[in-house]
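K.L.:
Take a look at the following structure, please.
The values are calculated or read from the model by the stated rules, or taken from the named source; none is laboratory data. From a predicted model like this one, the values you see are computed outputs, not experimental measurements. Cβ: placed from backbone, ideal geometry, glycine included. Neighbour counts: every protein chain shown.
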Amino acid sequence: MTSAERQAVALLDIEGTIADARFVHDVLFPYARAALPEFVQRHVENPAVRAELEATAEAADLQPDDLDGILDQLVAWIDADVKATPLKSLQGMIWREGYRRGEFTAHLYDDAYRWMSRAHEAGIPLYIYSSGSVEAQQLYFAHTTHGDLGGWLAGHFDTRTGPKKVADSYRAIAERIGLQADAIRFYSDVAEELDAAAEAGCRTVHLRRDGQPSTGRHAEAPDFSELPLPGEDPR
């Protein structure tokens, strides 16, 4: 194995790639939407919550004390699936309570679990890049259908690193990890994310679980069942 192969790392999207997007959209998002008003009212003096409310007010050109307007904006972002960082942070706080209460368990495809287990055993660093906040990601992997997998992960990236469809975000991730971009293999079901990663110099794999059309620009697979680990194949 060459030096470059020994350095290979995996960067994984969550929704539609290693987990069913329906869990996020049908369970987590509705839970956060329903719980948001009461959660904010209960924690409005919490500095972490207050910081995200003020960030929402600034982004929406609202007064910081306009709590009703801020809540309306947060709900509008949820309904429009806007990847707003303040919303993602607040959702993570709400989901923490839900996980602790045992109200849901995070989904993970069996094939993805087996592949990640192989990578972990082989000493290949696994990183997550998701639009969900780092805190939400950490909660997710601490409460999966396969148990607590947090110890398998070398690091997390979210929208604070940059948008997932912008090449500079992947350059920033490579810099944070301390590797050349071509040592990173990014796995996603979204073609635009893969295009951005490839533009930054990363290697890419398109997961086509729902039979998405081939782009012809990326390595591809229907799932992780027969995918080699980073560094195992020459492409």
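K.L.:
Kindly indicate whether any position in segment 33-47 is out of contact with any strand residue (DSSP E or B) (no Cβ under 6 Å at 6 or more places or on another chain), assigned to a helix (DSSP H, G or I) and closer than 30 Å to residue 197 by Cα.
P.N.:
No.
K.L.:
Would you check if there is a residue in segment 121-131 being in a helix (DSSP H, G or I) and within 15 Å of residue 11 (Cα to Cα)?
P.N.:
no
K.L.:
Next question. Confirm whether residue 199 is farther than 14 Å from residue 109 by Cβ, acidic (Asp, Glu) and buried (at least 17 other Cβ atoms within 10 Å of the Cβ).
P.N.:
Answer is no for this residue.
K.L.:
For segment 87-98, does any single residue satisfy the condition of being basic (Lys, Arg), in a helix (DSSP H, G or I) and buried (at least 19 other Cβ atoms within 10 Å of the Cβ)?
P.N.:
Scanning segment 87-98, I find at least one residue that is basic (Lys, Arg), in a helix (DSSP H, G or I) and buried (at least 19 other Cβ atoms within 10 Å of the Cβ), so the answer is yes.
K.L.:
Mind listing just one residue for me: the one in segment 132-172 that is touching a residue at least 60 places away in the same chain (Cβ under 8 Å) and polar (S, T, N, Q) and, of those, surrounded by the fewest Cβ atoms within 10 Å (Cβ to Cβ)?
P.N.:
Looking at the filtered set, the residue picked out is 159.
K.L.:
Against the definition (touching a helix residue (DSSP H, G or I) at 6+ places or on another chain (Cβ under 8 Å), closer than 24 Å to residue 149 by Cα and surrounded by 16 or more Cβ atoms within 10 Å (Cβ to Cβ)), how does residue 9 come out, yes or no? Talk me through it step by step, then tell me what you get.
P.N.:
Values: touching a helix residue (DSSP H, G or I) at 6+ places or on another chain (Cβ under 8 Å): yes; closer than 24 Å to residue 149 by Cα: yes; surrounded by 16 or more Cβ atoms within 10 Å (Cβ to Cβ): yes.
Answer is yes for this residue.
K.L.:
Moving to a separate point now. Of everything in segment 1-21 that's modelled with pLDDT under 95 and aliphatic (A, V, I, L, M), which residue is nearest to residue 227 (Cα to Cα)?
P.N.:
Looking at the filtered set, the residue picked out is 8.
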